[in-house]
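This report refers to the structure that appears directly beneath it.
The values are calculated or read from the model by the stated rules, or taken from the named source; none is laboratory data. Not measured: the values here are computed from a predicted model. So basically every Cβ, Gly included, is an ideal-geometry build from the backbone, and we count neighbours across all protein chains shown. Side chains are part of the model used for accessible areas, which takes the heavy atoms of the whole protein and leaves out ligands, DNA and RNA. Shrake-Rupley method; radii C 1.70, N 1.55, O 1.52, S 1.80 Å.
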Amino acid sequence: MSKIEINHLTVDYVEKKKSFTALRDVSFKIEEGEFVSIIGSSGCGKSTLLSILEGINSPTEGEILIDGEPVHGTGTDRGVVFQHYSLFPWMTARKNVAFGIKQVNKEASRSERLKIADEFLDKVGLEQFKNKYPSQLSGGMQQRVAIARALAMDTDILLMDEPFGAIDAKNRTILQELLLELWEGDGTKERKTVVFVTHDIDEAILLSDRIVMMRANPGQVYKEIEVPFDRPRNRAQLVQTKEYNNFRNKLLALFYSDIAEKIGGEEVVL
């Protein structure tokens, strides 16, 4: 049984008395401990799909199963990191992380929650900033707090909606490497199952076991592609290889293939 099963998902919306289809008949599976990136152009339904996985929206047709059970609403088995820094401005970094822990572990004492918060803030390099408020932290630091909170909650599944999209290139690279390091762990615990929405092909290649490419109007799965590079991945070495550049170029061609089809281009096969 797969960790996540997405079965014939269709999502219709009505705005200003006009209906449109955000997703149509989307189906694929994600295995336990797998890191899957969803990429596609704007309007292909990436964030809509993640909102269904989160349980904050419901499909018009189809279903999502987690461990064989249908998703009905939010759950403590899923941690979420958004593109924009979803921290409580009146709480310190430490208390933001501890609050997340409390949602999934009601039995933990306050001191236990704060101890875990400190541990994960240290993992993301923010131990000395734990008593700072979000307004006192840079954007990259705020996103580190959000990642620390999601990981400290110790959920089976981590949902990430373009979490590095609003961060400068240098900090984006740092956070990508940090996420991989924390996800891969030391081998003593099972890896989280990660669903990662991005529009950045290089990011998807670096992070993912598999890439689900979507197309827009309406949002549909176009291709599922296994990433052929062994872990752990050294970015500096990998990007210089012929294999990486060939794979990246094919992904780019697939990404723009809907435009190519309109002008008579050839389909790319991976």
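Per-structure values
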| item | result |
| --- | --- |
| From the options Gln103, Gln83, residue that is among the polar types (S, T, N, Q), open to solvent by 30 Å² or more (accessible area, probe 1.4 Å) and within 21 Å of Ile174 (Cβ to Cβ) | Gln83 |
| Hits in the range 150-197 - residues which are farther than 18 Å from Arg235 by Cα and polar (S, T, N, Q) | Thr155, Thr188, Thr193 |
| The range 159-171, residues that are touching a residue at least 12 places away in the same chain (Cβ under 8 Å) and open to solvent by 10 Å² or more (accessible area, probe 1.4 Å) | Asp161, Glu162, Gly165, Ala166, Ile167, Asp168, Asn171 |
| Residue ID - nearest to Ser47 (Cα to Cα), chosen from residues in the range 11-35 that are in contact with a strand residue (DSSP E or B) (Cβ under 7 Å, 6 or more places away or on another chain) and assigned to a loop (DSSP other than H, G, I, E, B) | Glu34 |
| Cross-chain or 6+ apart pairs with Cβ under 6 Å, the range 231-254 first and small (Gly, Ala, Ser), then surrounded by 14 or more Cβ atoms within 10 Å (Cβ to Cβ) | Ala253/Val268 |
| Flag if Glu54 is modelled with pLDDT of 95 or more, acidic (Asp, Glu) and closer than 18 Å to Lys192 by Cα | no |
| Hits in the range 55-77 - residues which are open to solvent by less than 30 Å² (accessible area, probe 1.4 Å) and closer than 26 Å to Glu119 by Cα | Gly75 |
| Pair list, Cβ < 6 Å and 6+ apart or interchain, from the range 26-41 residues that are more than 19 Å from Ile205 (Cβ to Cβ) to residues that are open to solvent by 10 Å² or more (accessible area, probe 1.4 Å) and among the hydrophobic types (A, V, I, L, M, F, W, C) | Val26/Val221 |
| Output for the range 32-44, where each listed residue is under 15 Å from the mean Cα position of the chain (by Cα) and either polar (S, T, N, Q) or open to solvent by 10 Å² or more (accessible area, probe 1.4 Å) (or both) | Glu32, Gly33, Glu34, Ser37 |
| Qualifying residue in the range 162-177 (condition: small (Gly, Ala, Ser), on the phi < 0 side of the Ramachandran plot and at pLDDT 85 or above) | no |
| Residue under evaluation Leu126, criteria (1) within 30 Å of His199 (Cβ to Cβ); (2) open to solvent by 40 Å² or more (accessible area, probe 1.4 Å), criterion not met | (2) |
